[in-house]
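Reviewing the structure listed below.
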Amino acid sequence: MILHADLDGERLDAFLARAVENLSRSGAQKLLEEGCVKRNGKPGKKNDKLNSGDEISVTIPEPKPVDIVPTEMPLEIVYEDEDVLVINKPKGLVVHPAAGHSDDTLVNGLLYAMGDNLSGINGELRPGIVHRIDKDTSGLLAVAKNDLSHAVLASQLKDHTMARTYECIVCGGMKEDRGTVDAPIGRHPTDRKRMAVTHKNSREAVTHWKVLARYGQYTHVQCQLETGRTHQIRVHMAHLGHPIAGDPVYGI
(Lines give C-alpha, C1' and ligand atoms only; values in the text may rest on other atoms or scores of the structure.)
Protein backbone atom coordinates (compact mmCIF):
# COMPACT_ATOMS: atom_id res chain seq x y z
CA MET A 1 0.00 0.00 0.00
CA ILE A 2 1.46 3.37 -1.07
CA LEU A 3 0.25 6.57 0.59
CA HIS A 4 1.33 10.20 0.36
CA ALA A 5 1.42 12.62 3.26
CA ASP A 6 -0.89 15.61 2.86
CA LEU A 7 0.02 17.64 5.94
CA ASP A 8 3.32 19.14 7.10
CA GLY A 9 4.40 18.27 10.64
CA GLU A 10 1.96 15.40 11.28
CA ARG A 11 3.35 12.41 13.18
CA LEU A 12 3.72 9.28 11.10
CA ASP A 13 1.65 7.10 13.46
CA ALA A 14 -1.16 9.66 13.51
CA PHE A 15 -1.13 9.86 9.71
CA LEU A 16 -1.37 6.07 9.40
CA ALA A 17 -4.28 5.87 11.82
CA ARG A 18 -6.06 8.53 9.76
CA ALA A 19 -5.22 7.20 6.32
CA VAL A 20 -5.50 3.41 6.70
CA GLU A 21 -9.03 2.08 7.13
CA ASN A 22 -9.71 0.16 10.37
CA LEU A 23 -6.23 0.91 11.75
CA SER A 24 -5.93 2.38 15.25
CA ARG A 25 -3.01 4.52 16.37
CA SER A 26 -1.70 1.70 18.57
CA GLY A 27 -2.02 -0.61 15.58
CA ALA A 28 -0.04 1.86 13.47
CA GLN A 29 2.68 1.96 16.11
CA LYS A 30 2.85 -1.84 16.11
CA LEU A 31 3.30 -1.87 12.33
CA LEU A 32 6.10 0.67 12.69
CA GLU A 33 7.81 -1.37 15.41
CA GLU A 34 7.68 -4.46 13.19
CA GLY A 35 9.28 -2.62 10.27
CA CYS A 36 6.17 -2.73 8.09
CA VAL A 37 6.24 1.00 7.27
CA LYS A 38 8.75 2.92 5.17
CA ARG A 39 8.97 6.66 4.69
CA ASN A 40 10.59 7.67 1.40
CA GLY A 41 12.18 4.21 1.21
CA LYS A 42 13.58 4.18 4.75
CA PRO A 43 12.14 2.52 7.89
CA GLY A 44 9.69 4.85 9.59
CA LYS A 45 9.45 5.75 13.27
CA LYS A 46 6.21 6.57 15.06
CA ASN A 47 7.28 10.11 15.99
CA ASP A 48 8.63 11.01 12.54
CA LYS A 49 7.27 14.39 11.47
CA LEU A 50 6.04 14.23 7.90
CA ASN A 51 6.41 16.65 5.04
CA SER A 52 3.60 17.02 2.56
CA GLY A 53 4.27 14.67 -0.37
CA ASP A 54 6.32 12.12 1.59
CA GLU A 55 5.78 8.60 0.20
CA ILE A 56 4.63 6.13 2.83
CA SER A 57 4.80 2.42 2.03
CA VAL A 58 2.73 0.17 4.30
CA THR A 59 2.75 -3.62 4.40
CA ILE A 60 -0.18 -5.14 6.32
CA PRO A 61 0.85 -8.61 7.55
CA GLU A 62 -1.52 -11.53 7.36
CA PRO A 63 -3.27 -12.27 10.67
CA LYS A 64 -1.33 -14.71 12.82
CA PRO A 65 -3.20 -17.64 14.38
CA VAL A 66 -3.37 -17.31 18.14
CA ASP A 67 -1.92 -20.10 20.22
CA ILE A 68 -4.93 -20.25 22.52
CA VAL A 69 -6.89 -23.42 23.24
CA PRO A 70 -10.67 -23.04 22.84
CA THR A 71 -12.32 -24.03 26.12
CA GLU A 72 -15.95 -24.80 26.78
CA MET A 73 -17.35 -22.66 29.57
CA PRO A 74 -20.66 -21.02 30.44
CA LEU A 75 -20.94 -17.52 28.93
CA GLU A 76 -23.79 -15.22 29.88
CA ILE A 77 -24.54 -13.39 26.63
CA VAL A 78 -26.97 -10.55 27.32
CA TYR A 79 -27.06 -9.19 23.74
CA GLU A 80 -25.96 -10.38 20.32
CA ASP A 81 -26.36 -9.34 16.68
CA GLU A 82 -24.31 -9.90 13.52
CA ASP A 83 -21.62 -7.39 14.59
CA VAL A 84 -21.27 -7.47 18.35
CA LEU A 85 -22.11 -9.41 21.46
CA VAL A 86 -22.22 -8.26 25.07
CA ILE A 87 -21.12 -10.65 27.81
CA ASN A 88 -21.75 -10.38 31.53
CA LYS A 89 -18.28 -11.26 32.86
CA PRO A 90 -18.35 -12.70 36.38
CA LYS A 91 -15.87 -11.93 39.12
CA GLY A 92 -12.83 -14.21 39.03
CA LEU A 93 -12.69 -14.66 35.25
CA VAL A 94 -9.55 -13.35 33.53
CA VAL A 95 -10.36 -11.65 30.22
CA HIS A 96 -7.21 -12.29 28.17
CA PRO A 97 -4.39 -14.85 28.47
CA ALA A 98 -1.23 -13.41 30.00
CA ALA A 99 1.90 -14.52 31.81
CA GLY A 100 0.88 -16.76 34.68
CA HIS A 101 -2.65 -17.28 33.36
CA SER A 102 -2.64 -18.78 29.88
CA ASP A 103 -5.93 -20.68 29.87
CA ASP A 104 -9.48 -20.70 31.27
CA THR A 105 -9.87 -17.05 30.27
CA LEU A 106 -12.80 -15.34 28.59
CA VAL A 107 -10.89 -15.44 25.30
CA ASN A 108 -10.60 -19.25 25.56
CA GLY A 109 -14.35 -19.43 26.05
CA LEU A 110 -15.05 -17.04 23.18
CA LEU A 111 -12.92 -19.07 20.78
CA TYR A 112 -14.87 -22.21 21.71
CA ALA A 113 -18.26 -20.53 21.37
CA MET A 114 -17.62 -18.31 18.34
CA GLY A 115 -14.79 -19.98 16.40
CA ASP A 116 -13.64 -17.70 13.57
CA ASN A 117 -16.54 -15.26 14.03
CA LEU A 118 -14.44 -12.71 15.91
CA SER A 119 -12.39 -9.71 14.84
CA GLY A 120 -8.72 -10.03 13.88
CA ILE A 121 -7.20 -6.67 13.03
CA ASN A 122 -3.75 -5.10 13.37
CA GLY A 123 -1.97 -8.23 12.11
CA GLU A 124 -3.01 -10.56 14.91
CA LEU A 125 -6.12 -12.63 15.46
CA ARG A 126 -7.42 -10.86 18.53
CA PRO A 127 -10.64 -12.58 19.49
CA GLY A 128 -12.95 -9.60 19.55
CA ILE A 129 -11.70 -7.96 22.72
CA VAL A 130 -12.21 -4.19 22.51
CA HIS A 131 -11.87 -3.32 26.20
CA ARG A 132 -11.04 -5.26 29.34
CA ILE A 133 -12.02 -5.34 32.98
CA ASP A 134 -10.04 -6.72 35.89
CA LYS A 135 -10.26 -10.36 36.95
CA ASP A 136 -12.05 -9.50 40.19
CA THR A 137 -14.46 -7.04 38.54
CA SER A 138 -17.81 -8.15 37.21
CA GLY A 139 -19.59 -6.31 34.43
CA LEU A 140 -20.66 -6.08 30.81
CA LEU A 141 -17.99 -6.52 28.14
CA ALA A 142 -18.50 -5.65 24.46
CA VAL A 143 -16.98 -8.13 21.99
CA ALA A 144 -16.56 -7.42 18.27
CA LYS A 145 -17.51 -10.14 15.80
CA ASN A 146 -15.75 -8.57 12.80
CA ASP A 147 -13.03 -6.05 11.99
CA LEU A 148 -15.43 -3.23 11.11
CA SER A 149 -17.35 -3.44 14.38
CA HIS A 150 -14.03 -3.66 16.26
CA ALA A 151 -12.84 -0.44 14.62
CA VAL A 152 -16.15 1.33 15.25
CA LEU A 153 -16.28 0.30 18.91
CA ALA A 154 -12.65 1.34 19.42
CA SER A 155 -13.44 4.72 17.82
CA GLN A 156 -16.45 5.18 20.10
CA LEU A 157 -14.31 4.47 23.15
CA LYS A 158 -11.73 6.97 21.92
CA ASP A 159 -14.18 9.82 21.29
CA HIS A 160 -16.30 8.97 24.37
CA THR A 161 -19.53 8.33 22.46
CA MET A 162 -19.59 4.94 24.23
CA ALA A 163 -19.41 5.23 28.00
CA ARG A 164 -17.89 2.78 30.48
CA THR A 165 -19.61 3.16 33.82
CA TYR A 166 -18.90 1.10 36.93
CA GLU A 167 -20.14 1.00 40.51
CA CYS A 168 -18.08 0.24 43.59
CA ILE A 169 -18.12 0.47 47.38
CA VAL A 170 -15.22 2.50 48.74
CA CYS A 171 -13.90 2.88 52.26
CA GLY A 172 -14.73 6.03 54.20
CA GLY A 173 -17.39 8.68 53.88
CA MET A 174 -16.73 10.86 50.82
CA LYS A 175 -17.47 14.50 51.63
CA GLU A 176 -18.23 15.71 48.11
CA ASP A 177 -21.11 14.42 46.00
CA ARG A 178 -19.13 14.20 42.76
CA GLY A 179 -15.76 14.99 41.29
CA THR A 180 -13.09 14.14 38.73
CA VAL A 181 -9.69 12.53 39.21
CA ASP A 182 -7.31 13.69 36.50
CA ALA A 183 -4.05 11.98 37.46
CA PRO A 184 -1.65 10.01 35.22
CA ILE A 185 -1.13 6.32 35.91
CA GLY A 186 2.00 4.25 35.39
CA ARG A 187 3.87 1.36 36.96
CA HIS A 188 4.55 1.70 40.69
CA PRO A 189 8.18 2.83 41.14
CA THR A 190 9.08 -0.02 43.53
CA ASP A 191 6.37 -2.68 43.05
CA ARG A 192 6.13 -3.65 39.38
CA LYS A 193 2.93 -5.65 39.94
CA ARG A 194 1.07 -2.51 40.99
CA MET A 195 0.06 0.69 39.23
CA ALA A 196 0.28 4.14 40.77
CA VAL A 197 -0.43 7.81 40.19
CA THR A 198 2.90 9.03 38.84
CA HIS A 199 4.28 11.47 36.29
CA LYS A 200 7.13 9.12 35.32
CA ASN A 201 6.53 6.80 32.34
CA SER A 202 2.78 7.25 32.77
CA ARG A 203 -0.28 7.90 30.64
CA GLU A 204 -3.17 10.32 31.08
CA ALA A 205 -5.98 8.90 33.21
CA VAL A 206 -9.33 10.57 33.96
CA THR A 207 -12.14 9.19 36.13
CA HIS A 208 -15.44 11.01 36.79
CA TRP A 209 -17.19 9.88 39.97
CA LYS A 210 -20.39 10.59 41.86
CA VAL A 211 -21.84 9.34 45.13
CA LEU A 212 -24.90 7.10 44.86
CA ALA A 213 -25.36 6.38 48.58
CA ARG A 214 -23.57 6.65 51.92
CA TYR A 215 -23.39 3.87 54.49
CA GLY A 216 -21.51 5.16 57.53
CA GLN A 217 -17.87 4.26 56.93
CA TYR A 218 -18.48 3.24 53.31
CA THR A 219 -19.69 5.04 50.19
CA HIS A 220 -21.43 3.65 47.12
CA VAL A 221 -19.82 5.35 44.11
CA GLN A 222 -20.43 5.40 40.37
CA CYS A 223 -17.33 5.87 38.20
CA GLN A 224 -17.28 6.78 34.52
CA LEU A 225 -14.01 6.32 32.68
CA GLU A 226 -12.70 8.85 30.21
CA THR A 227 -9.59 6.71 29.72
CA GLY A 228 -8.96 3.01 30.27
CA ARG A 229 -5.73 2.46 32.16
CA THR A 230 -4.85 -0.72 34.04
CA HIS A 231 -6.51 -0.74 37.49
CA GLN A 232 -7.65 2.86 36.86
CA ILE A 233 -10.63 3.03 39.22
CA ARG A 234 -8.81 1.13 41.96
CA VAL A 235 -5.77 3.41 41.70
CA HIS A 236 -7.76 6.65 41.49
CA MET A 237 -10.03 5.80 44.40
CA ALA A 238 -7.01 4.88 46.54
CA HIS A 239 -5.37 8.14 45.41
CA LEU A 240 -8.39 10.00 46.83
CA GLY A 241 -7.92 8.19 50.14
CA HIS A 242 -10.99 6.02 49.55
CA PRO A 243 -9.79 2.61 48.29
CA ILE A 244 -12.34 0.08 47.11
CA ALA A 245 -13.58 -2.03 50.00
CA GLY A 246 -11.88 -5.41 50.10
CA ASP A 247 -9.20 -4.53 47.55
CA PRO A 248 -6.17 -6.61 48.62
CA VAL A 249 -3.71 -4.63 46.48
CA TYR A 250 -4.65 -0.95 46.85
CA GLY A 251 -6.57 -1.06 50.14
CA ILE A 252 -5.28 0.73 53.21
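The values are calculated or read from the model by the stated rules, or taken from the named source; none is laboratory data. No experiment lies behind these values; they were computed from the predicted model shown. Heads up, the Cβs are rebuilt from the backbone with ideal geometry, glycines too, and the neighbour counts pull from every protein chain shown. Ligands, DNA and RNA are excluded from the accessible area calculation, which covers all protein heavy atoms including side chains. Shrake-Rupley method; radii C 1.70, N 1.55, O 1.52, S 1.80 Å.
Karplus-based coupling profile of the range 79-87, in residue order and whole Hz: 7, 7, 9, 6, 10, 8, 9, 10, 10, with θ = phi - 60° in 6.51 cos²θ - 1.76 cosθ + 1.60 and x standing for Gly or Pro.
Across the chain, the mean sequence separation of Cα contacts (distance under 8 Å, 6 or more residues apart), normalised by length, yields a relative contact order of 13 percent. Taking 0.36 nm per residue of separation and subtracting the current Cα-Cα distance, fully stretching the chain between Arg194 and Tyr79 would add 38.0 nm.
Given the pairs Lys45/Lys158; Lys46/Lys89; Lys158/Lys200; Lys145/Lys200; Lys46/Lys145, which are separated by over 32 angstrom at their Cα positions?
Working: Lys45/Lys158 23 Å; Lys46/Lys89 35 Å; Lys158/Lys200 23 Å; Lys145/Lys200 37 Å; Lys46/Lys145 29 Å.
In this structure, Lys46/Lys89; Lys145/Lys200 exceed 32 Å between Cα atoms.
Mind giving me the FRET efficiency for Val249 and Val69? R0 is 35 Å, r the Cβ-Cβ distance, nearest 0.05 is fine. The formula returns an efficiency of 0.75 here. Cross-link reach is defined here as a Cα-Cα straight distance under 16 Å, omitting same-chain residues fewer than 8 places apart; for Lys193 the lysines meeting it are Lys135. Note that the range 188-198 has calculated 3J(HN,Hα) couplings of 4, x, 10, 10, 6, 8, 10, 9, 7, 6, 7 Hz, one per residue in order, obtained from phi through the Karplus relation 6.51 cos²θ - 1.76 cosθ + 1.60 (θ = phi - 60°); glycine and proline are x. For the chain, leaving out every one of the GluC sites (Glu not before Pro) that falls in a DSSP loop and has at most 14 other Cβ atoms within 10 Å, the longest unbroken run is 83-175.
Modelled this way, with points 7 Å down the Cα-to-C-beta line, the labels at Thr230 and Ser155 are 3.0 nm from one another. Calculated accessible area for the chain comes out at 57 Å² per residue, all protein chains present (probe 1.4 Å; ligands, DNA, RNA ignored).
In nm, what is the difference between 0.36 nm times the number of residues separating Thr165 and Glu204 and their Cα-Cα distance? The partial results should precede the final answer.
Working: separation 39, 0.36 × 39 = 14.04 nm, distance 1.81 nm.
Full extension of this stretch gives 12.2 nm more.
Heavy-atom accessible area for Arg229, with the other protein chains in place and a 1.4 Å probe, reaches approximately 60 Å². The 1.4 Å probe gives accessible areas that order Val143, Val211, largest first, as Val211, Val143.
Surface composition of the chain: carbon plus sulfur atoms hold 48% of the accessible area, using a 1.4 angstrom probe and ignoring ligands, DNA and RNA. Under a 5 Å amide H cut-off, with hydrogens placed 1.01 Å from N, Ala245 pairs with Ile169, Val170, Cys171 among residues at least 5 apart or on other chains. Full extension of the chain segment joining Ser52 with Asp103 gains 13.6 nm, where the gain is 0.36 nm per residue of separation less the Cα-Cα distance. Largest accessible area first, the listed residues Val37, Val94 line up as Val94, Val37 when surface is computed with a 1.4 Å probe on the assembled protein chains. The heavy atoms of Lys42 present about 140 square angstrom of accessible area, all protein chains included, probe 1.4 Å. Scanning residues 5 or more positions from Arg164 or on other chains, those with amide H under 5 Å from its amide H are Leu225, with H placed 1.01 Å from N in the peptide plane. Between the amide H of Val94 and those of Leu106, distances stay under 5 Å, these residues lying 5 or more places away or on another chain, with hydrogens modeled in the peptide plane.
For Lys91, a cut-off of 12 angstrom between C-alpha atoms picks up these aspartates and glutamates, skipping any fewer than 8 places away in its own chain: Asp134, Asp136.
Here's the list of lysines a cross-link from Lys42 could span, going by alpha-carbon distance under 21 Å and ignoring same-chain residues fewer than 8 apart: Lys30.
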